[in-house]
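Participant: This is the structure I want to talk about, given as structure tokens.
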């Protein structure tokens, strides 16, 4: 018997901590709305678009915009995957923040001179983002360099083969309920919950 679906569906992954675990830096209310509202909506949007594509493949619809469908699929899948990376880029207060050790810490000092200089440039990059989007810390496997970038919305300018070590969500829904229009306050607070252990683990996957 043929499968009901031609494509597997996406699922909302569990948060790696409780909704209140990042307080007081990011409130439980913010995490709840962000995760159960926005992230879940991207998962649902991706699955709804897949369903429409399946109908096209089954010839159940004859009028459709394939570019529109693919754009919707990309937007929602990327929103889902970027948010999954974002949750793991943070750790509960007391387990995150501070300065990294390990190979990542050594690489930061080697490339930037000090963690404080790295932090200042990363913060400036986050603050420079126009509108809504993301700030990303990459590792370039070709050069061994740490690199920053920003991209707007979910239509990112991801550089091929550059793995993401850390990603910061700068959409208003990531902070507005707590910080209102003070995005800089949210950016400052993020440093208290950065998950350096996760970033270190990601880095080591590409430096064996």
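The values are calculated or read from the model by the stated rules, or taken from the named source; none is laboratory data. As the structure is a prediction and not an experimental result, all values here were calculated from the model. Don't worry about glycine lacking a Cβ; one is built from the backbone with ideal geometry, like all the others, and counts go over all protein chains shown.
Every residue, every condition in (1) in the same structural domain as residue 134 (by TED's automatic domain parsing); (2) farther than 22 Å from residue 168 by Cβ; (3) at pLDDT below 95, yes or no:
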residue: 35; (1), (2), (3): no, no, no
residue: 38; (1), (2), (3): no, no, no
residue: 54; (1), (2), (3): no, yes, yes
residue: 61; (1), (2), (3): no, yes, yes
residue: 64; (1), (2), (3): no, yes, yes
residue: 74; (1), (2), (3): no, no, yes
residue: 83; (1), (2), (3): no, no, no
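Participant: Oh, and also: More than 22 Å from residue 40 (Cα to Cα), buried (at least 19 other Cβ atoms within 10 Å of the Cβ) and under 14 Å from the mean Cα position of the chain (by Cα): which single residue out of 146, 137, 203, 166 fits that description? Quick ask: steps written out before the conclusion?
Facilitator: Working: 146 fails: under 14 Å from the mean Cα position of the chain (by Cα); 203 fails: under 14 Å from the mean Cα position of the chain (by Cα); 166 fails: more than 22 Å from residue 40 (Cα to Cα).
Within the list 146, 137, 203, 166, the selection yields 137.
Participant: From the list 197, 161, which one is over 13 Å from the mean Cα position of the chain (by Cα), surrounded by fewer than 21 Cβ atoms within 10 Å (Cβ to Cβ) and closer than 18 Å to residue 82 by Cβ?
Facilitator: Numbers: 197 fails: closer than 18 Å to residue 82 by Cβ.
Among 197, 161, only 161 is over 13 Å from the mean Cα position of the chain (by Cα), surrounded by fewer than 21 Cβ atoms within 10 Å (Cβ to Cβ) and closer than 18 Å to residue 82 by Cβ.
Participant: Please tell me if residue 22 is in contact with a strand residue (DSSP E or B) (Cβ under 7 Å, 6 or more places away or on another chain) and not assigned by TED's automatic domain parsing to the domain that holds residue 179. Quick ask: steps written out before the conclusion?
Facilitator: Working: in contact with a strand residue (DSSP E or B) (Cβ under 7 Å, 6 or more places away or on another chain): yes; not assigned by TED's automatic domain parsing to the domain that holds residue 179: yes.
The answer is yes for residue 22.
Participant: From 105, 94, 98, 79, grab the single residue that is touching a helix residue (DSSP H, G or I) at 6+ places or on another chain (Cβ under 8 Å) and outside any helix (DSSP H, G or I). Give the steps one after another, and end with the answer.
Facilitator: Working: 105 fails: outside any helix (DSSP H, G or I); 94 fails: touching a helix residue (DSSP H, G or I) at 6+ places or on another chain (Cβ under 8 Å); 79 fails: outside any helix (DSSP H, G or I).
So the residue among 105, 94, 98, 79 that is touching a helix residue (DSSP H, G or I) at 6+ places or on another chain (Cβ under 8 Å) and outside any helix (DSSP H, G or I) is 98.
Participant: While we're on this one: Just one of (1) farther than 24 Å from residue 133 by Cα; (2) not in a loop (DSSP other than H, G, I, E, B) trips up residue 48, so point out which.
Facilitator: With (1) farther than 24 Å from residue 133 by Cα; (2) not in a loop (DSSP other than H, G, I, E, B) applied to residue 48, the lone miss is (1).
Participant: Right, something else. Need the failing condition index for residue 121 against (1) exposed (fewer than 14 other Cβ atoms within 10 Å of the Cβ); (2) under 20 Å from residue 136 (Cβ atoms); (3) at pLDDT below 95, just the number.
Facilitator: Condition (3) is where residue 121 drops out.
Participant: Please determine, by comparing only the residues of segment 52-70 that are in contact (Cβ under 8 Å) with a residue 24 or more places away in the chain and within 21 Å of residue 41 (Cα to Cα), which one is surrounded by the fewest Cβ atoms within 10 Å (Cβ to Cβ).
Facilitator: Result: 54.
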